[in-house]
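Structure first, commentary second.
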Amino acid sequence: MQSYQLSISGVEVSFRAQADPQDVEHARAYVEKEAERLKGGGGLQSKDKLLALLALGVAYDLLQLQQRLQAAEDRIESLLKRIEQAT
């Protein structure tokens, strides 16, 4: 298990994970980009609020991707049934 120490929008985060370092860096960069986008809109006054909005945004993105994946899996299953019925 690898130890990581990151800074995201000025917040220091330390953790251990079995994740690939490149994947961790991609995740950090994504969160940092989203933080900058949120800060650019103005109105954010605390890091706590920023981090809460980031968490909600990432959770929303994840849920959208899960729904798209489920829809694709359902479509594939439907197509496979049609192929089986045709043969």
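The values are calculated or read from the model by the stated rules, or taken from the named source; none is laboratory data. Computed from a predicted structure; not experimentally measured. We place every Cβ from the backbone using ideal geometry, glycine too, and count neighbours over all the protein chains shown.
Scanning the range 20-38 for residues that are surrounded by 14 or more Cβ atoms within 10 Å (Cβ to Cβ) and among the small types (G, A, S) returns A27, A35.
Right, Q18: touching a helix residue (DSSP H, G or I) at 6+ places or on another chain (Cβ under 8 Å) and polar (S, T, N, Q) or not?
Values: touching a helix residue (DSSP H, G or I) at 6+ places or on another chain (Cβ under 8 Å): no; polar (S, T, N, Q): yes.
No.
Residues in the range 1-19 that are of a type in the set (S, T, Y) and surrounded by 11 or more Cβ atoms within 10 Å (Cβ to Cβ): Y4, S9. Of all residues assigned to the range 67-84, none qualifies as being modelled with pLDDT of 95 or more, among the hydroxyl-bearing types (S, T, Y) and surrounded by 11 or more Cβ atoms within 10 Å (Cβ to Cβ).
Could you run through the range 9-41 and say how many residues are in contact (Cβ under 8 Å) with a residue 40 or more places away in the chain and either over 19 Å from L56 (Cα atoms) or of a type in the set (V, I, T) (or both)? Even if it seems obvious, please write down each step before you answer.
From the range 9-41, those in contact (Cβ under 8 Å) with a residue 40 or more places away in the chain are 9, 11; that's our starting set.
Now restrict to residues that are either over 19 Å from L56 (Cα atoms) or of a type in the set (V, I, T) (or both): 11.
The qualifying residues number 1.
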